[in-house]
Amino acid sequence: MSESDDSTTGHPLPEEDVETLTVTHLPPSSSSSSSSSSTTTTPSPPPPPAATPSLPKRLLAALDSLREGESDGAWWCVWWMFVVAAVVSRLHYITVPYKVVWDEAHFGKMVGWYMNRTFFMDVHPAGGKLLLTLFGYLGGYNGTHSFVAPNTPYDGYHGIMPMRVGCAILGAGMVPLGFHTVWTLTRSLPASTFAAALITFEVGTITLSKFILLDPPLFFFIMASFHGLCLMHSVADRPFSRAWWGSYLYTGTMLGCVISVKFVGLFVVLVVGWYTALDLWAKLGELHRPLVSVVQHFLARFVCLIILPACIYITVFFIHDTLLDSAVNLFAVEEAHFSPGFQMTLRNSSLNNITQPSEVAYGNVVTLRNDNLAGIYLHSHNFTYPQIRVGKNKQQVTGFRAKDVNNYFKVLLPEEDPEMENGYYAGMPEFLGHGDWVRLYHPTTKTLISCGKNKSLVTKKHQLVYAKPYNLTVQEEGALIKDAFNLETKPTMSSAEVTPWQLWAVHVEGGKPGDVVRTLDSKVKFLCVAHQCALTWSRGTLPMRWGGGQAEVTCSNNLQDPYTNWMVEQNFNPYLKNNTYEHLKSGFVSRFLETHRVMTWVNSRLKPMGQDLYDSHRPWMWPLCFKSQVWFDVNFRIVLLGNPLIFWVNLAFLLVAPGLLVYHHYKMKRGLPHNPKLAERKERMIFAVKWLLLAYSLHYLPFYTMDRILYYHHYFPALQFSSMLTAVVFGYALECLDTWLPRVKANVAFHWASGVFLGILAYSFHLYCYVGYGHPTDGEFNPDNSTFKDIRFFDEWEI
């Protein structure tokens, strides 16, 4: 930033005052000097010394200087006071408890996986997790702690606390950002002070800033992005200057960072985009402006606010993709959401450098994967459907998103069982082709996949698919598979005749008679011969009590449903030639796009279930501070509640602010007179209220449309905007006191109101801070014996 940009240096003097001082101190003009030199004049006597102002007048002048923000020393004093308060409040109790707290179990694991280069899948972008990993790396953490569950001790592991400290520093950075954002918008030191105080004393924000979570970087970059918007506005009259370019490049960088942490960062991207679009529209409407200038402004914004953030986001994902190059083991769950081409790029994956037959023959052992985004594997196991619903001994056939021994099926001829002792057909291989009939045999449970007359139990319009006992006439390969996985061999079940409900007609998508089923290539439908329905993934989920929450597999009459398409992923037959599949490996662009499709798909399925149904919060509860969320409760209790007074004060000003805007525009439309002394101050206030109210709305209202798990911490980005909005409106109201009160009384009222406001904030922080910091407990939580029962306003506050 250039030194002339007072918006970035924090100089409290407005530009017009600087210009006035410059003009006032100009030397005398040359004409007056020449005329005086030609004549002899008598020097005038020196002016008498000015009278020393009285003590009350000097005190009044000092109060005026502080109130108007015209004292550079006062500005920096307040700034550093809140910076220190922010750092101290976030670092206090930073090591307590010295155990895994809440979602540290989630993100701590991911830090270890990054350090060990082990692949994992998460619903959030990579930037925040990579930043946590950087904190751990700089602190000396080696990625060996399990983070298996909350309450797991950190004893004996070095470098974990620096991750908490890094998050706390980012959380503390929100305070100076809020202070300078309000200063840039209003040029009001009181309003900036109120904003810093509201953010500093907010207990829930402190709690979210103290642990290894994505919230601290998310909050910081959201605040920084909006701060950049304010800087852009402050230098709008100096286009293409160094300060102008700096503000746009800074904003674009922060936008790239915020969308790299969580997708909710797109809300602040929308705020900045809205401002930019309106700004360009206004420039297009300036008829005196050349069209070339409009194009230049458009291109500059396109590069800084679209290309730069996109490059940052892609770079972050490239680092993520480069680091995570290895699967946990051959049967890992994490990569099972992804296509075979994606899995082939991961070392230790079962598909990495795989060689297998390229065509499917009768007798082969295969795995069938649904050919859709995040497709499931066809799976069966020794559990039955509820007898009262479908009858006895109907073994479950489900979809499973992990590589497992129960995913293997043997492809059998319609009537003949394998002749060879190892479970394969003798003679020349007979390949499975379009139009053929087939039986799908499950070796580990000795069953055939069948389609019943019963309706499926979740998606009731489909037919039930189950597994029926069947004993091959030769030694099955199932015993060999069981031995390989150290599974106990079950007693042989009785044989049963093959029926049409166990026969499946093979239909290759786009195929014709004679086309064979190709591994990792063909899309195949399996049509029940008896019902003429297709084996499908219904997208339903079986109940936990008897289905383990696995995906439902049914038989659908809708043959055009894309979820009836299956792919042969693994294909085993020792008598067929193996081929390599290196040509199917996904490139970076393919992995980038697929990862985001999977993330979106998983996000859409995050529905509250079980305990989540109780822990989940609805958006209407958030501004009221209606419900708390327990984070830790093992001999030490931490509750995410927040400072209720700040919530309720913010809510009051959120209701006042729209009315203030309406009244302002009403006066403008009616041409009603306004106080000229307040014109500039009021213009800044109206601009600030508009954009803070918009930013709050875009970070809060969209949650009403989300049918997914919502938690209390989702509200806290919006809370920061409401705090700054409160500071702007309250500061403006106090600064306008001298328009209807005498100067002395206005100063007294101003300082009393400010002192009372800040004092109440500090006292409310004193009351509620250890709800968020945490406190030792004996036994289970008892609301009647709680230390905090006297400050519990709602029964839903578990404090």
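The values are calculated or read from the model by the stated rules, or taken from the named source; none is laboratory data. Remember, it's a predicted structure, so these values are computed and weren't measured experimentally. Every residue, glycine among them, receives a Cβ derived from its backbone with ideal geometry; neighbour counts consider all protein chains shown. Just so you know, the surface numbers come from the protein's heavy atoms only, side chains and all, with ligands and any DNA or RNA stripped out. Shrake-Rupley method; radii C 1.70, N 1.55, O 1.52, S 1.80 Å.
Between T600 and T322, full extension at 0.36 nm per residue minus the direct alpha carbon distance yields a gain of 97.9 nm. Angle, helix 644-670 long axis vs. longest principal axis of the chain, Cα atoms, 0 to 90°, nearest 10? The two axes meet at around 70 degrees. Here the sum of -39500 (n - 2.57) over DSSP H runs of 4 or more residues, divided by the residues of the chain, equals -14500 deg cm²/dmol at 222 nm, to the nearest 500. Against the chain, whose longest principal axis is taken from its Cα atoms, helix 127-139 shows a tilt of about 80°.
Taking 22 Å as the straight-line reach from the Cα of K453, the lysines in range (excluding those fewer than 8 positions away in the same chain) are K392, K394, K461, K468, K525. Straightening the chain between H583 and A762 buys 58.0 nm, computed as 0.36 nm per residue apart minus the Cα-Cα spacing. For the range 697-799, the fraction of C-alpha pairs more than 21 angstrom apart is 60%.
Annotation: lysines with alpha-carbon distance below 29 angstrom to K99 (same-chain offsets under eight excluded): K109, K129, K210, K262, K607, K627, K789. Of the residues Y770, C230, H583, the one whose Cα sits farthest towards the positive end of the charge dipole of the chain is C230 (charges of +1 on Lys and Arg Cβ, -1 on Asp and Glu Cβ, taken about the Cα centre). The order of the peptides 189-198, 260-269 by mean Cβ neighbours within 10 Å, most packed first, is 189-198, 260-269. Residue separation of H665 and S293 scaled by 0.36 nm, minus their Cα-Cα distance, works out to 130.8 nm of gained length.
Relative to the Cα centre, the charge distribution of the chain, modelled as +1 at Lys and Arg Cβ and -1 at Asp and Glu Cβ, gives a dipole magnitude of about 1420 debye.
Summed over the residues of the chain and divided among them, the accessible surface reaches 45 Å² per residue at a probe radius of 1.4 Å.
Each distinct pair of alpha carbons in the range 94-136 adds a 1/r term; the inverse of their mean, the Kirkwood radius, is 11.1 Å. Each label was represented as a point 7 Å from its Cα along the Cα-to-Cβ direction; for L701 and V148 these points are 4.8 nm apart.
List residues of the range 84-109, by number, whose backbone nitrogen lies under 18 Å from a label position 7 Å along Cα→C-beta of V165. In the range 84-109, the label zone of V165 (backbone N under 18 Å from the point 7 Å along Cα→Cβ) covers 84-99. Using the Kirkwood formula on the Cα atoms of the range 173-245, what hydrodynamic radius do you get, in angstrom to one decimal? Hydrodynamic radius (Kirkwood, Cα only) of the range 173-245 equals 13.3 Å.
A crude spin-label estimate for the pair W80 and L249, with each label 7 Å from Cα along the Cβ direction, gives 3.0 nm. Taking only the Cα atoms of the range 673-746, the ratio Rg/Rh comes out at 1.18, with Rh defined as the Kirkwood radius.
Modelled this way, with points 7 Å down the Cα-to-C-beta line, the labels at A300 and N393 are 8.1 nm from one another.
Packing around the peptides 431-444, 700-713, 572-585, taken as the average count of other Cβ atoms within 10 Å per residue, puts them in this order, highest first: 431-444, 700-713, 572-585. Cysteines of the chain lacking any other cysteine beta carbon under 4.7 Å? C77, C167, C230, C257, C304, C311, C625, C736, C769 - these cysteines have no disulfide-compatible partner (Cβ-Cβ under 4.7 Å) in the chain.
Placing unit charges on each Cβ (+1 for Lys and Arg, -1 for Asp and Glu) gives the range 234-367 a dipole about its Cα centre, and among Y275, V333, V258 the Cα reaching farthest toward its positive end belongs to Y275.
Round to the nearest 0.05 the FRET efficiency obtained for D237 and T739 when R0 = 30 Å and r is the Cβ-Cβ distance. Result of the calculation: an efficiency of 0.60.
A straight Cα-to-Cα reach below 22 Å connects K690 with the lysines K283, K667, K669, K677, K682, residues fewer than 8 places away in its own chain not being considered. Looking at the range 417-467, the GluC sites (Glu not before Pro) that sit in a DSSP loop and have at most 11 other Cβ atoms within 10 Å of their own Cβ are E421. Kirkwood hydrodynamic radius of the range 222-332, from the reciprocal of the average inverse Cα-Cα distance over all distinct pairs: 15.4 Å. In terms of overall dimensions, the C-alpha atoms belonging to the range 338-441 reach 47, 37, 28 Å along their principal axes, ordered largest to smallest. Listed peptides 598-605, 405-412 appear in the order 405-412, 598-605 once ranked by packing, highest mean of other Cβ atoms within 10 Å at the front.
With all protein chains in place and a 1.4 Å probe, the accessible surface of the range 614-671 carries 68 percent carbon and sulfur. Where (i) 112, 28, 21; (ii) 58, 33, 24; (iii) 68, 30, 23 are the candidate values, the label of the one calculated here for semi-axes √(5λ) of the Cα gyration tensor in Å is (iii). Globularity index of the range 319-381 is 1.23 (Cα radius of gyration / 2.2 N^0.38 Å, N = number of residues).
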